[in-house]
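Please read the structure below before turning to the comments.
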Amino acid sequence: VSLVCSAPVRRRREILDLLPAPERVIALLPEAELCFTVKAVGLESATWILEQATPEQVATAIDLDAWAEHALVAPKLDAWLDALAESGDEALLRSLGKVDSELLVLWLRARVAVFQKPNDDEGWSPPDGSRTLEGQFHFVPLRADDDAATILRFLQLLFHADYWTYFRLMLGVIHELPTE
């Protein structure tokens, strides 16, 4: 761990590649060092590191990088969550369990509009182009060029593995007040 942390960030991938059990070292890195290492490797290439990191490391790394003072930096959050979406289901679920749910609601709200089917659905039809996993919540990307693949992956995984988190996130996008 000290060898990795004392190395220049641009060399850390090489060091991790030389270790016989990099997963043991990755899990022991301080959260900030994990963040620096992942960014140096490149989020798009660091899925294997994120899979080995602890959920606390991942959540803290996202918090360290995706905020500038008191403002969320949406492109950075998108990049982290896109990288997480490339990891395996188990690693993704573990990490999502530690990422602040309010942060996930902010992320979803910035990317999709969510509509809940009313109890008396007479005359109600879901918005054109919307997707649904269970017939209750329908979502539509806010930008025409957004395929929402990462969002779909997250929601499908949560729907099947942790329905109540899925349910709370969808209701949060609809009903939570905007943050200041």
Tell me the angle of helix 101-111 to the major Cα principal axis of the chain, expressed in degrees between 0 and 90 and rounded to the nearest ten. 70
If R0 = 25 Å, then Ala40 and Asp145, at their Cβ-Cβ distance, give a FRET efficiency to the nearest 0.05 of 0.30
Computed, not fitted: 222 nm per-residue ellipticity of the chain from DSSP H runs ≥ 4 (each -39500 (n - 2.57)), nearest 500, equal to -17000 deg cm²/dmol
Selection of chymotrypsin sites (Phe, Trp or Tyr not before Pro), segment 101-180, meeting DSSP coil and at most 14 other Cβ within 10 Å: Trp124
Please give, to one decimal in nm, the separation of the simple spin-label points placed at Asp17 and Ala110, each 7 Å out from Cα toward the Cβ. 3.2
Using all alpha carbons of segment 1-105, what is the percent of pairwise distances in each 10 Å bin, ordered from the shortest bin to the longest? 15, 52, 28, 4, 0
Assuming 0.36 nm per residue, please report the length gained on full extension of the stretch Asp89 to Lys76 beyond their Cα-Cα distance. 2.5 nm
Relative to the chain, whose Cα atoms define the longest principal axis, helix 74-85 and its Cα axis are tilted in degrees, nearest 10, by 80
So for R0 = 45 Å, FRET eff. of Glu122-Asp63 from the Cβ-Cβ r, to 0.05, ends up at 0.50
Which residues in segment 18-58 place their backbone N less than 13 Å from a point set 7 Å from the Cα of Ala7 along the Cα-to-Cβ direction? 18-23, 25-26, 37-38, 40-41
In whole Hz, with x marking every Gly and Pro, tabulate ³J(HN,Hα) for segment 94-99 from phi via Karplus 6.51 cos²θ - 1.76 cosθ + 1.60, θ = phi - 60°. 4, 5, 4, x, 9, 6
At a probe size of 1.4 Å, how large is the accessible area of Leu108, to the nearest 10 Å²? 10
Most mobile of Asp89, Asp162, Asp17 in a GNM of the chain (Cα contacts under 10 Å): Asp17
Any idea what the relative contact order of the chain is, in percent, if you count C-alpha pairs under 8 Å spaced at least 6 apart? 16
Using the Cα centre of segment 100-180 as the reference point, and only Cβ charges (+1 on K/R, -1 on D/E), how large is the resulting charge dipole? Debye, rounded to the nearest 20. 180
Carbon/sulfur fraction of accessible area - the chain, other protein chains in place, 1.4 Å, %: 53
With +1 at each Lys and Arg Cβ and -1 at each Asp and Glu Cβ, the charge dipole magnitude of segment 9-122 around its Cα centre, to the nearest 20 debye, comes out at 500
Share of pairwise Cα separations in the chain, more than 20 Å, in percent: 56
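The values are calculated or read from the model by the stated rules, or taken from the named source; none is laboratory data. This one's a predicted model, so the numbers in the text were calculated from it and none came from an experiment. Methodologically, a virtual Cβ is constructed for each residue, glycine included, from the backbone with ideal geometry; neighbour enumeration extends over all protein chains shown. For the accessible areas, the whole protein counts, side chains as well, though only heavy atoms, and no ligand, DNA or RNA atoms are used. Shrake-Rupley method; radii C 1.70, N 1.55, O 1.52, S 1.80 Å.
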